[in-house]
Amino acid sequence: MNKFLFAILFSIISVAAMAQVPSRPTYTPSSTSDTVILNYNNPKEYIIGGITVTGTTHLDKDILIQISKLNKGDRIVLPGEANSNVIKDLYAQQLFDDVQLNVTRISLDTVFLEIQVSEHPRLSRLRLLGIKKGQAEDIQKKLNDKTGKIVNENLLNTTTTIIKRHYQEKGYLNTEVLIKQRPDPSDTNSVILDVNIDKKKKVLIHKVTFEGNKDFSKGKLKKFLSKTRERKFYNIFGSKKFKDAKYKEDKENLIAKMQEKGYRDATILSDTVTKHSDNTVDVKIKLYEGPKYYFGNITWSGNARYSDEVLSRVLRIEKGDVFSEEVLNKRLSGGGPSGDDLSSLYLNDGYLTFNSDPVQTRLYNDTIDLDIRIFEGPQYTINRITVRGNDVTNDKVIRRELQTIPGQKFNKQLLIESTRIIGQLGNFDDTKTEPRPENINPTDGTVDILYNVVEKPSDQVELSGGFGAGQLVGTLGLTFNNFALRNLFNLKAYKPLPKGDGQKLSIRGQSSGRIYQNFSFTFSEPWLGGKKPIYFALTGYTQLSSTGQYYAKDNPNYNFLRINGVGITLGKRLKWPDNRFQLNYSLNFDHYFLDNYSGFLFSNGTAYNIKLTQDLSRNSLDAPIYPTSGSNIKFTIQATPPYSLFNNTNYSVATPAERYKFVEYYKFKFDAQWFTKLTGKLVLMSQIRTGFLGMYNSKVGPSPFERFKLGGDGMQNFQFLQGSEIIGMRGYTNFSIVPLGSNYTANSNPGSTIYNKFTMELRHPVIASQSATIFLLAFVEGGNTWNNFSQYNPFNIRRSAGIGTRIFLPIFGLLGLDYGYGFDAIPGQPSANKGQFAFSISQSLSGGFN
C-alpha cells in the first residue's frame, strides 16, 4: 500500500514541476523499495547522497553536475523548485534534446538523484550544393571550424549567416540557403548537413538620390561615392554592384569629402536601401550640410627651433581659406614621402619625438581660430644601425647603400630614401622593407635604427623556343642578380652559385643550329673596390647569322655574318643635383664580318665599330616592378672617332666596304618615364623616347650600324642584329614602321637615323606580393622614323592602342602579353597594322624602357 501511495504522490509532484518546463518531466522514482511518502502539500528536506549522469557520450559528467548546481551533501527540498531549475539550466546550454531528473533511491532523509540526458547530434560534415567547386572551397574554409560541433539552432543560423554574408560581399543580396539534416550512417550520434545554396543574381544599384543637399550638387555627391555607382554605361570605374561593406566605406568617405570642403558639421541623417526590382536597389541618403567654415587666425606656441614665420610658410594655410581638418592634418604630419609637412621639417632635423596639437581657441560665425601647440623635444643622433632579415645578402651590400649613418642627426627623409634604394637593389621585397627607430634615449639624445628586410628570389631563368622564318630558335638565359665573384672558388658557397655580394652575372644563348647563333655574357659590380659606388660592367658577345652552309659558298643562297664585341663600363653615383643621378661611361669594340650578306649598306667586307658612350640618368621610382610615383630619365651620347677627317680616304670613289671599314657616327638618345597615381591603385605611365644618328662627313653618309628599327614587341629574336637598335611599338609587326616614301619592308628595313615614340599607359594591379606581381594595362602609342631632318615631323606619327598584362615571377622576371591595333596603314605592308599580339620578357624591370 505504501509503495502504491508513494508512486501516486510522486506523479503529482512531477506534473507540478512540468508546469514550469512544458512537456519535460522533472524527476521520476526509479526505486520503490523505501517506505518514505512524499507529500506535495508538505515538502520535506533531504540530504543529497549522490548524483549520477547518464545518456552523455561526448560531454564531461562532472561539468554537467556543476551546471546543475547539485552537490553531494547539499540539502534539497522535495518536492520543490530545485528540480525544475536543474532542467532549465541544462536546457539553456543548447546541448540536449531531452533532460530528466530522476530519484533513484531514498533512504530516510537521504536522496540519490540521476540526471538523464539525450545529447544533440554532432556535425560530421557539410555538403555544399548548388554552387561550383571553387566557390564551395572558398566557403568551406570559412566553415571548417563547424565540423564536430553540436547541431543546434545556433549552428544552423551561424552557417546560414556566414554563407549569405560571403555572397553579399560579392553583390548577391538575395542568396537563399536551405539546410537539411540526415543521419550519418557511420556514426549514430552524428548528422550530415546538406546545404543547398541559390545565390540568385547580383544586385545592382538602380539609382542613388540625395535629400537635404543645397551647396553640393547631386553629381558632386555621387562622385564621392566611388564604390557605390549607378548602373550607367559611362561608369567604367567603380562597382555598380551593391555591397554593404563598400557602401559603409562610401558613406564615411562622403562625409569626409564634405568636411574637407569646409562643411565640418556635415552628417548623414538617415539612409535607406530599398528594393527596386528583383535584381536592383535604390539608395537614398538624407544629408545635413551645415554651414561652411573658414580658417581664422592661426597662432603658434611652444616653438623654439623655428620661428612663427617659418612654420606658417610650411603650413601654407591663410586666414580665409576653407576650413578642412584633413588639409590641416596633412600639412601638420601627413605629407608622406614628399616631406612638405611640418612634421617632416622637424623629423628631418633630428626632432624624433616632435608632436603638434591644433587647438580650436575660438569659433565665431563661420570662422575658426587655431592655436597650434608644438612639442619639439630633443634632437636625436643615430647611435647604431642594425639590418635584419637578409639571410642571403651580405650586410655590407645593404649598409653601403644606406643614407643614414651612425653619428648623424636623425633624418626622416634619409630613412625613406634608404628604403627606396634597398628596394631598387632587386633582392628584397620592397613592400616589406621596414625601417624602425628603436631604443630612443632622451637622456643622451640617441636612437638606434633597425632595417627589417625580406629576401626574395632574384635569379632569373629564360628558357624558350620559337618558330619563325622557317627555323626553330631556342633560347636559354641565366641571370644571377646577387652574385659573389670572390667566392667563385669556394665550393661551399655554391647555392647553386656563390651569392650575397650584389653583383650580377648574366649568360644567354640563342641558336637555331648553324643558321643562327647568339651568345652573350655580362658581369657587373655596383661598388668597384667596395668603398665607393663606382659601377663596373664587362660584356662580351658573339653572333652568327647565315642562310646556306658556311662551307658551301657555291650555294646561290649562301650568306654569312659574324659579329663579335666586347665592352667595359665605369660609372659613378652623383651627389649633385641630388644622389639619384648616375653618370656612366662605356667603351665598346664591335667587329663585323660580312660575306654576301644583305641588309646593310654593303654585303662583303670587314667593319670595326669603336664607340664611347656617356649615359646621364636619374631614377626616382618608388618601386622597381610596379612604380606608382617618380620618374626615370636617361640621356645618352654615343660617338666614334671621326676617321674621315684624318685617314686621307677619297670617299667619292671608295667602295662601300672601304667607306664603312671604320664606322663613324655620333648618336643622341633621350628616354623618360613618369609615373602618377590617379585614384586608388590606378597609375598613369607616360613615356617619351627619341633618338638621332648623325654623321661627321656627308660624303661618308650615315652609318649602316647603330640605326633604329621601330615596331613590334622589341624582343631580341633571331632577326636581331647588334648593329641595330630595336624599339618595340605594339600594334605593328616587327620593324614595319619605316620612313614615309621609302620602299622598305620589315625584312629589308636597314633601320632609320631618327625616331620618336610616345606612350601612355593606365596600369592597375591584380596581385601584388613577394611571390608574384600581376597588373593589367591599357595603352596608346605613337611613333615614327625618318632618315633626315628635312622629313622630320614629330607630329606625323603612326598610332596604336590596346590592352595587355604583366606578370612578374622572380625566377622568370617580367613577362608581358599585349594586344595592339595600329590605326595607320604602312605602304607596301598591308598586314603590318591589322592587330598584333606582342610577347615580351624582362621588359621594364627597374623602370626600364620599352
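The values are calculated or read from the model by the stated rules, or taken from the named source; none is laboratory data. This structure is a prediction, so every number in the text was calculated from the model and none was measured. When we count neighbours, we look across all protein chains shown, and the Cβ atoms used for this are built from the backbone with ideal geometry, even at glycine.
When the range 44-62 is limited to residues that are at pLDDT 80 or above and among the hydrophobic types (A, V, I, L, M, F, W, C), the one that is surrounded by the fewest Cβ atoms within 10 Å (Cβ to Cβ) turns out to be 47.
Residue 163 meets all of the listed conditions (1) surrounded by 17 or more Cβ atoms within 10 Å (Cβ to Cβ); (2) assigned by TED's automatic domain parsing to the domain that holds residue 270; (3) out of contact with any Leu (no Cβ under 6 Å at 6 or more places or on another chain) but one, namely (2). With the structure loaded, tell me whether residue 315 is of a type outside the set (Phe, Trp, Tyr), in contact (Cβ under 8 Å) with a residue 12 or more places away in the chain and under 26 Å from residue 351 (Cβ atoms) or whether it fails that test. Here the answer is yes, as residue 315 does meet what is asked. Would you pick out the residues in the range 394-451 that are more than 22 Å from the chain's Cα centre (by Cα), farther than 22 Å from residue 349 by Cβ and acidic (Asp, Glu)? Listed by number, the residues that qualify are 395, 401.
Candidates in the range 166-180 are the residues that are within 17 Å of residue 129 (Cα to Cα) and either among the hydrophobic types (A, V, I, L, M, F, W, C) or touching a Ser or Thr at 6+ places or on another chain (Cβ under 6 Å) (or both); of these, the one that is surrounded by the fewest Cβ atoms within 10 Å (Cβ to Cβ) is 178. Screening residue 262 on (1) farther than 19 Å from residue 208 by Cβ; (2) assigned by TED's automatic domain parsing to the domain that holds residue 211; (3) in contact with an Asp or Glu (Cβ under 8 Å, 6 or more places away or on another chain) shows it passes everything except condition (3).
Within the range 81-101, the set of residues being assigned to a helix (DSSP H, G or I) and within 56 Å of the chain's Cα centre (by Cα) comprises 88, 89, 90, 91. Kindly check whether there is at least one residue in the range 472-487 that is closer than 28 Å to residue 533 by Cβ, modelled with pLDDT of 90 or more and either surrounded by fewer than 15 Cβ atoms within 10 Å (Cβ to Cβ) or in the same structural domain as residue 344 (by TED's automatic domain parsing) (or both). Yes. Within the option set 67, 63, 115, being in contact with a Leu (Cβ under 7 Å, 6 or more places away or on another chain) and not in a strand (DSSP E or B) holds for one residue only, 67. Hey, could you check the range 748-798 for residues that are free of Cβ contacts under 8 Å to residues at least 12 places away in the same chain and under 25 Å from residue 704 (Cα atoms) and say which is surrounded by the most Cβ atoms within 10 Å (Cβ to Cβ)? If we take residues in the range 748-798 being free of Cβ contacts under 8 Å to residues at least 12 places away in the same chain and under 25 Å from residue 704 (Cα atoms), then 793 is surrounded by the most Cβ atoms within 10 Å (Cβ to Cβ).
The condition (being touching a residue at least 60 places away in the same chain (Cβ under 8 Å) and in the same structural domain as residue 283 (by TED's automatic domain parsing)) is satisfied by just one residue among 191, 208: 208.
Can you pull out every residue in the range 141-157 that is surrounded by 15 or more Cβ atoms within 10 Å (Cβ to Cβ) and either not assigned by TED's automatic domain parsing to the domain that holds residue 176 or not aliphatic (A, V, I, L, M) (or both)? Within the range 141-157, 146, 152 meet the criteria. The conditions of being free of Cβ contacts under 8 Å to residues at least 40 places away in the same chain, more than 30 Å from residue 500 (Cβ to Cβ) and in a loop (DSSP other than H, G, I, E, B) are met by residue 340. Based on what the data block shows, is residue 396 under 30 Å from residue 427 (Cα atoms) and at pLDDT below 95? Here the answer is yes, as residue 396 does meet what is asked.
Yes/no per residue for (1) acidic (Asp, Glu); (2) free of Cβ contacts under 8 Å to residues at least 40 places away in the same chain; (3) outside any helix (DSSP H, G or I); (4) not assigned by TED's automatic domain parsing to the domain that holds residue 618:
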residue	(1), (2), (3), (4)
387	no, no, yes, yes
396	no, no, no, yes
404	no, no, yes, yes
415	no, yes, no, yes
420	no, no, no, yes
432	no, no, yes, yes
437	no, no, yes, yes
462	yes, no, yes, yes
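Considering only residues in the range 643-662 that are in contact with a Ser or Thr (Cβ under 9 Å, 6 or more places away or on another chain) and part of a helix (DSSP H, G or I), the one that is farthest from residue 600 (Cα to Cα) turns out to be 643.
This table checks each residue for (1) of a type in the set (A, V, I, L, M, F, W, C); (2) part of a strand (DSSP E or B); (3) not assigned by TED's automatic domain parsing to the domain that holds residue 630.
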| residue | (1), (2), (3) |
| --- | --- |
| 747 | no, no, no |
| 765 | no, yes, no |
| 776 | yes, yes, no |
| 782 | no, yes, no |
| 785 | no, yes, no |
| 796 | no, no, no |
| 805 | no, yes, no |
| 834 | no, no, no |
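Checked against (1) among the polar types (S, T, N, Q); (2) at pLDDT 95 or above; (3) at positive phi, residue 365 passes all but a single condition, namely (2). Restricting the range 726-743 to residues that are surrounded by fewer than 23 Cβ atoms within 10 Å (Cβ to Cβ) and of a type in the set (Ser, Thr, Tyr), the residue that is modelled with the highest pLDDT is 733.
Comparison of 693, 684, 621 shows that the only residue that is in a loop (DSSP other than H, G, I, E, B) and either surrounded by 20 or more Cβ atoms within 10 Å (Cβ to Cβ) or assigned by TED's automatic domain parsing to the domain that holds residue 813 (or both) is 621.
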